[in-house]
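Accompanying notes for the structure given below.
All of the numbers you see were taken from the coordinates with simple rules; none came from a lab. Just so it is clear, the model here is predicted, and its values are computed rather than measured. For neighbour counting, all protein chains shown are included, and Cβ atoms are generated from backbone atoms with ideal geometry for every residue, glycine included.
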Amino acid sequence: MSQSQPSTNRPMSPHLQVYRWQITMTLSILHRATGVALTFGAFALVAWLVAVAAGPEAYAAAQACLHSPVGAVLAFGWSFSLYYHLCNGIRHLVWDAGSGYSMKGLYTGGYIVVAVSVALTAATWAVLLGGAA
Amino acid sequence: MSMQSPLSRAKGMGSAKEGLHHWVVQRFTGIALVPLSLWFMWSMVCLAGAEHAEVVAWMQAPVNAVSLSLFVGVAAYHSALGVQVVLEDYISHEGFRMVKMIVQKFLHYFLAALGIFCVLQVALGA
């Protein structure tokens, strides 16, 4: 918990726009963004559970929402968010164990996370769309 | 022997001794969510396009009811911890931050309670 900052006229430290783009910072921001997206996804999941508990009519309405264009885009986004946050979360756990801090390790781990989460998302939707066809 | 300066001892500030619990629980819930979320995604793919009766039958299997309840509860807890950090980082006004913090905690508790209640209602066939 940070305390409120005293008002001073000290110069600000350089902010985001002065840094060269790096994949590591993008992945860090994406971890937080996907986490927030998954919070909204959790609300959608509970809404779906309420519909299942409410009966066939409510369930049919929930399924119609899920299969609408907006619902499908959200479901796709949530599936990628879950896989990415999962993979990058494991990367964070490796860091917590004290490993993977070399520059090479940071980049290799980052590319593995992107590759695995994209592959899992693609596999999931290949099965989903293959089953629907 | 205290390593604090006399001034810092008099002020009584320093670590709030609360951060470690947040950090540890965030990791514990994260580890629990690795198998739970993979199981959840697998289940959702299997249930895609299912009729209501199929979903009910699936949810009535004890292993699915327990796993889904755990997933909803642990995910809500993990989400509350994560959103807490986001609010702490981006809201500098302490009063407003406190209000948002209480609202987000209550919403997450509500989310977990409602989700688990619905799973149990279907699982127990009420």
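Pairs of Cα atoms under 8 Å, at least six residues apart: use those to get the relative contact order of segment B:17-123, whole percent.
Values: 66 pairs, mean separation 39.0, N = 107.
Dividing the mean separation by the residue count of segment B:17-123 yields 36 percent.
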- Message: Defining a contact as two alpha carbons under 8 Å apart and six or more residues distant in sequence, what relative contact order in percent does chain A show?
- Response: 27
- Message: Please compute the length gained on full extension between A:Trp95 and A:Phe40, using 0.36 nm multiplied by the number of residues separating them and subtracting their Cα-Cα distance.
- Response: 17.1 nm
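Rounding to the nearest 20 debye, state how big the charge dipole of the protein assembly as shown is about its Cα centre with +1 on each Lys and Arg Cβ and -1 on each Asp and Glu Cβ.
On the way: 12 positive and 8 negative charges, 216 e Å.
For the protein assembly as shown, the charge dipole is close to 1040 debye.
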- Task: Round to a whole angstrom and tell me the spacing of the C-alpha centers of segment A:41-100 and segment B:65-126.
- Result: 14
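Chymotrypsin sites (Phe, Trp or Tyr not before Pro), restricted to segment A:35-133: which are DSSP loop and have at most 13 other Cβ atoms within 10 Å?
Details: sites: A:Phe40, A:Phe43, A:Trp48, A:Tyr59, A:Phe76, A:Trp78, A:Phe80, A:Tyr83, A:Tyr84, A:Trp95, A:Tyr101, A:Tyr107, A:Tyr111, A:Trp125; in loops: A:Tyr101.
Here the sparse-neighbourhood loop sites are A:Tyr101.
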- For B:Phe96 and B:His21 in one chain, what is 0.36 nm times their gap in residues minus the Cα-Cα distance, to one decimal in nm? 24.6 nm
- Query: Of B:Ala50, B:Met3, A:Ala44, which is farthest on the positive side of the dipole of the protein assembly as shown, counting Cα position, with +1 on Lys and Arg Cβ, -1 on Asp and Glu Cβ, and the Cα centre as origin?
  - Reply: B:Met3
- Among B:Ser79, A:Leu27, B:Pro35, which residue has its Cα positioned farthest towards the positive end of the charge dipole of the protein assembly as shown, with +1 placed on the Cβ of Lys and Arg, -1 on the Cβ of Asp and Glu, and the dipole taken about the Cα centre? A:Leu27
- For B:Phe106 paired with B:Met3, estimate the spin-label separation in nm (one decimal), with each label point 7 Å from Cα along the Cα-to-Cβ line. 4.2
- Message: Could you list A:Cys65, A:Cys87 so that the one with the fewest beta carbons within 10 Å of its beta carbon is first and the one with the most is last?
- Response: A:Cys65, A:Cys87
- Query: Where in segment B:94-126 is the amide nitrogen less than 13 Å from a point lying 7 Å along the Cα-to-Cβ axis of B:Phe28?
  - Reply: none
- Any idea how far apart A:Ala64 and B:Val66 come out in nm if each label point goes 7 Å out from Cα toward Cβ? 3.8
